[in-house]
Amino acid sequence: MGHAAEALAPLRRAVQLDEEMYDSGSAELLPAKIALAAAYLDTGNRGESAKLVAQIESVRKLHRHLGGRFEAPLRALHRRLASPNADTLVH
């Protein structure tokens, strides 16, 4: 959990910068938001992770054909959220 906790501030900043640079519906917002949602999950903050996943899904619906760099980490995040042991690291 230590590394994930340390990563929260820089990941929050990355999401903030992306939101300043890209349109709210841009797929370019997804990688940083997925990483932040995973870090929240790693630190046991399932609620914040789930809120971000909802935001991610609203953007994802705008883009029917996202590539693997978007889809694979999102699928992994969904699996972790669905797991009863969601706050354990899975690599």
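Normalise the Debye intensity by I(0) for the chain, one equal point scatterer per Cα, no solvent, then take log10 at q = 0.10, 0.11, 0.14 Å⁻¹ and round to two decimals.
Log10 of I(q)/I(0), two decimals: -0.23, -0.28, -0.45.
Hey, what number do you get for the chain at 222 nm if only DSSP H runs of n ≥ 4 count, each worth -39500 (n - 2.57), divided across all residues, to the nearest 500?
So the calculated ellipticity at 222 nm is -23000 deg cm²/dmol.
By how many degrees, 0 to 90 and rounded to 10, does the Cα axis of helix 30-42 deviate from the longest principal axis of the chain?
Computed tilt is about 10 degrees.
In the Gaussian network model of the chain, springs joining C-alpha atoms below 10 Å, which of A72, A32, A14 carries the largest mean-square fluctuation?
Looking only at A72, A32, A14, the largest GNM fluctuation is found for A72.
Which trypsin sites (Lys or Arg not before Pro) in segment 33-77 pass both tests, a DSSP loop state and at most 14 other beta-carbon atoms within 10 Å?
Passing sites in segment 33-77 are K61, R64.
No lab work stands behind these numbers, since they all come straight from the coordinates. Only a predicted model underlies this, so the values are computations on that prediction, with no experimental measurement involved. With ideal geometry, Cβ positions are generated from the backbone for all residues, glycine too; neighbour counts draw on all protein chains shown.
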